[in-house]
Structures are given as C-alpha cells and as structure tokens.
Amino acid sequence: MPHQTVVFALYPDVTQLDFTGPLEVLSRLPDTSCVVASTEGGVLQGSGGLAFADVRRLSDVDNCTVLCVPGGYGCIAAMEDERYLSSLRALAKTARYVTSVCTGSLLLGAAGLLRGRRAACHWAWRDLLAAFGAIPDPSRVVRDGSTITGGGVTAGIDLALTLMAEIAGADYAQGVQLTLEYAPSPPFSCGRPEDARPEILLNVQTRLNAIRAQRDAAVSRAASRLATISTL
C-alpha cells in the first residue's frame, strides 16, 4: 500500500470531535500521515475551549489521499472565506476521496464539490445542501462515487471506519473498531430527530434556530458566489 496522506481542513470554531474522531481511526491506517491544516495555520481555536497548536497552512499542503472537512459553528464564517474554499477545491483535485462530517458538507457544497451528488449533513441543516446543487440524504454515511459524507458529529467515526474498510479491507477496519472498543450503546434513544420525544426535539430546534437566519444567509451568499464562478 503506497503512503497516504489524510488532510483535515480546519477553521476557527470547528467542532473538535468532527475531526478528532475520524483522525483517531484513520491515523491507524498503515503508512498514513494525518495533517491538520487551516487557512492561517499556527494555533487554531476550536469549540469547547480547545486550541490546537502547530496547525499547518492549507496553502502549504500540495496534495492528499483523503480530504476531510469537519463541521462546526465556525462553518458560517468559513463559507465566506474564499481562500479556504479555494484550498478545498485545489486539494479535492488531488484526493482519492473527498469527505466531510456534519456541516462540513455545506463547505464542500460552497466549494462546488457536491453538485449532483447525494450528501449527508447534520439533520438540522441538511436541507441547506440543495442550495449547492447537492441531493440531501438522511443516511448516517453517504457515498456517491469518491465523495463520502457523514451526518452529525459522531457519524465521523462511522465514516472513518467505512473509508478504512474501503482502503485497507473490512477485516482491518473491524480490528481497529475492536481496538477502539467502538460499540455505541447510548443511554437514551434520541440521537435522531425521529427518535426524540417531541418536546426534546422542539427544545433543540428552538436553540438551533437562534443561528438559522445567519446560516441561511451565509448559504445563500455562498450559493450566489458559486453560481457566478460556475458561469465564468
């Protein structure tokens, strides 16, 4: 197996589990390097008060085997960062697999990488994918050709194991899953909106709706810019 590079394209206020979960899995691939990079590089402030040091600049990364774009509240600003989106487009051209977790698929969409493709996203924002010409899919992990996208946050581990099976075989991926003791048994059956009690769902929707207008507007602007780029 040739050496492989997995690039996690980060941005400020990224949800750390969106990429640290997949990184923990994919770093166990044979002869594989995992690179975390952002537009500015250096120290990057993630969600939950965590900061990440020694982050590389995306412009210094020439190619990759796997491109992974995580989600997070910072995706609103990242959607407006043309340098970031340009880096995604450049790396996607070199990648064997283009992947995302949670609202990272909105960033793939804003970069023009999901047109006509089925894609997953966090359930609360999945409908926004259509603005970028993508086909929203409620599955936890969605594969459309060389593009593999995951649902919200914890789906990143499922996505990584799916990708690992593709690269190194199902037996190898199952060995890693066993090593990590990845055997989800949540205390509540409410991890998807269709499983949650109506009052729980309403409470979460109300909280998320506080940023709905801002995120909708960012998607609209990004989609408009993408349409302009597409006609040049």
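Using the Karplus equation 6.51 cos²θ - 1.76 cosθ + 1.60 (θ = phi - 60°), what ³J(HN,Hα) coupling, rounded to whole Hz, does each residue of region 159-171 give in order, writing x for Gly and Pro?
After applying 6.51 cos²θ - 1.76 cosθ + 1.60, I find 4, 5, 5, 4, 5, 4, 4, 5, 7, 10, x, 5, 5 Hz.
Using 1/(1 + (r/R0)^6) with R0 = 25 angstrom and r between the beta carbons of ALA165 and SER33, what's the FRET efficiency to the nearest 0.05?
Working: r = 20 Å, r/R0 = 0.80.
Calculated transfer efficiency: 0.80.
Please identify, among VAL36, VAL141, VAL176, the residue showing maximal mean-square fluctuation in a Gaussian network model of the chain using a 10 angstrom Cα cutoff.
VAL176
Give me, ordered by chain and number, the residues 5 or more places off VAL35 or on other chains with an amide H under 5 Å from its own placed amide H.
Residues meeting the criterion, in which the H sits 1.01 Å from N, are VAL6, VAL7, PHE8.
Separation between the CYS190 and ARG221 pseudo-spin-labels, each 7 Å from Cα along Cα→Cβ, expressed in nm?
Simple spin-label model gives 3.5 nm for this pair.
When the chain is modelled as a GNM with alpha-carbon springs shorter than 10 Å, which of GLU24, GLU40, GLU181 fluctuates the most?
Taking springs between Cα atoms under 10 Å, the residue moving most is GLU181.
Would you kindly derive the ³J(HN,Hα) couplings of region 110-121 from the backbone phi angles with the Karplus curve 6.51 cos²θ - 1.76 cosθ + 1.60 (θ = phi - 60°), listing them in order in whole Hz, with x for Gly and Pro?
Values per residue, Gly and Pro as x: 5, 7, x, 9, 10, 4, x, 9, 6, 8, 9, 6 Hz.
Can you say what percent of the DSSP beta bridges in region 4-230, counting only those with both residues inside, are antiparallel? Round to 5. Working shown, then result.
Values: 7 of 27 bridges.
Restricted to region 4-230, the bridges split so that about 25 percent are antiparallel.
Which of these, ALA213, ALA160, ALA183, has the largest mean-square fluctuation under a Gaussian network model of the chain (Cα springs below 10 Å)?
Evaluated over the chain, the most mobile residue of the options is ALA183.
Among VAL142, VAL204, what is the fewest-to-most ranking by other Cβ atoms within 10 Å? Let's see the in-between values first.
Details: VAL142 25, VAL204 15.
With the fewest neighbours first, VAL142, VAL204 line up as VAL204, VAL142.
Which order results if TYR97, TYR73 are arranged by neighbouring Cβ count within 10 Å, fewest first? If you can, show how the numbers build up before the last one.
Details: TYR97 20, TYR73 15.
With the sparsest Cβ surroundings first, the list reads TYR73, TYR97.
Ignoring everything except DSSP H segments at least 4 long, calculate the 222 nm mean residue ellipticity for the chain; use -39,500 (n - 2.57) per segment, divide by total residues, nearest 500. Show your work: numbers first, answer last.
On the way: 8 runs with 89 residues, N = 232.
Using -39500 (n - 2.57) per qualifying helix, the result is -11500 deg cm²/dmol.
None of the figures in this text is laboratory data; all of them are computed from the coordinates on show. Values in this document were obtained by computation on a predicted structure and should not be read as measured data. Note that each Cβ is placed from the backbone with ideal geometry, even for glycine, and that neighbours are counted across all protein chains shown.
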